[in-house]
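Take a look at the structure below.
The values are calculated or read from the model by the stated rules, or taken from the named source; none is laboratory data. None of these values were measured; they are calculated from a predicted model. Note that we place each Cβ from the backbone using ideal geometry, even for glycine, and neighbour counts take in every protein chain shown. Protein only, heavy atoms only, side chains kept; ligands, DNA and RNA dropped before computing areas. Shrake-Rupley method; radii C 1.70, N 1.55, O 1.52, S 1.80 Å.
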Amino acid sequence: ALADLDSLNAISIDPDNRSFTVEGNCLIEIVENSVVRGCNSSEIPKYIITISDYAFSGSQMTTITIPNSVTTIAPYAFSGCSKLTMVILPEGVTALNEGVFFECTSLAVVTIKGKVSLIERVCFGFCESLGTIKADNTTKEEWEASVAISNWDYKSGSYMVLCANDETIMKPLH
């Protein structure tokens, strides 16, 4: 019932539910402090630690603020968010799982505040508008090591990665 987020603008549950709660239009698994599902108008609460698999997949949001408390963004969490244009990842997020932003076709700017250690396959796959990735706390060498075994940018557009020490990695159009 929650698979198609194109028109989902609000989430509600039975107030007697002891396993889940709703805050900021996010369905939250209480014990894990994890967003299980969001919608077009979600605001992630500041105590959330994990954004679960497919939590916002297919949402029509244009922006999202990921709070500093978040340390894990599970696979495909924002996949198919075709209107998402910009995202800022907090310091605690050091690994980007498989397909996190897969098919975010309007995503143009990504800021990664933490030191990146791993970017898994198709993390930015089909992000045709991707122009700039700001990874200010990650050196060029660390960036290249984090993406060495993955096809993280499959079918993405031309972009540049701005690393620490004013190092830049460019990916021209083919």
Task: region 76-137 - accessible surface per residue (Å², probe 1.4 Å) - done: 35 Å²
Open item on the list: If you take every DSSP beta bridge fully contained in the chain, what fraction is antiparallel? Give it as a percent rounded to 5.
Closed with: 35 percent
Task: Pairs of Lys in region 56-174 closer than 23 Å at Cα, counting only those 8 or more apart or on different chains - done: 15
Task: Percent carbon-and-sulfur accessible area, region 1-147, ignoring ligands, DNA and RNA, probe 1.4 Å - done: 49 percent
- [ ] For region 104-121, just list the computed ³J(HN,Hα) in residue order, Karplus coefficients 6.51, -1.76 and 1.60, θ = phi - 60°, integers in Hz, with x standing in for Gly and Pro.
- [x] 8, 5, 9, 5, 10, 10, 10, 10, 10, 7, x, 8, 6, 10, 7, 10, 7, 4
Task: For mean projected area of the Cα convex hull in nm², calculated from these coordinates, the label among (i) 13.9; (ii) 9.3; (iii) 15.1 - done: (ii)
Open item on the list: I'd like the distance separating the alpha-carbon centroids of region 146-162 and region 30-87, in whole Å.
Closed with: 22 Å
TODO: With a 10 Å radius around each residue's Cβ, average the other Cβ atoms per peptide and rank 125-131, 16-22, highest first.
DONE: 125-131, 16-22
TODO: Determine the calculated [θ] at 222 nm for the chain from helices alone, applying -39500 (n - 2.57) to every DSSP H run no shorter than 4 residues and normalising by the residue count; nearest 500 deg cm²/dmol.
DONE: -1000 deg cm²/dmol
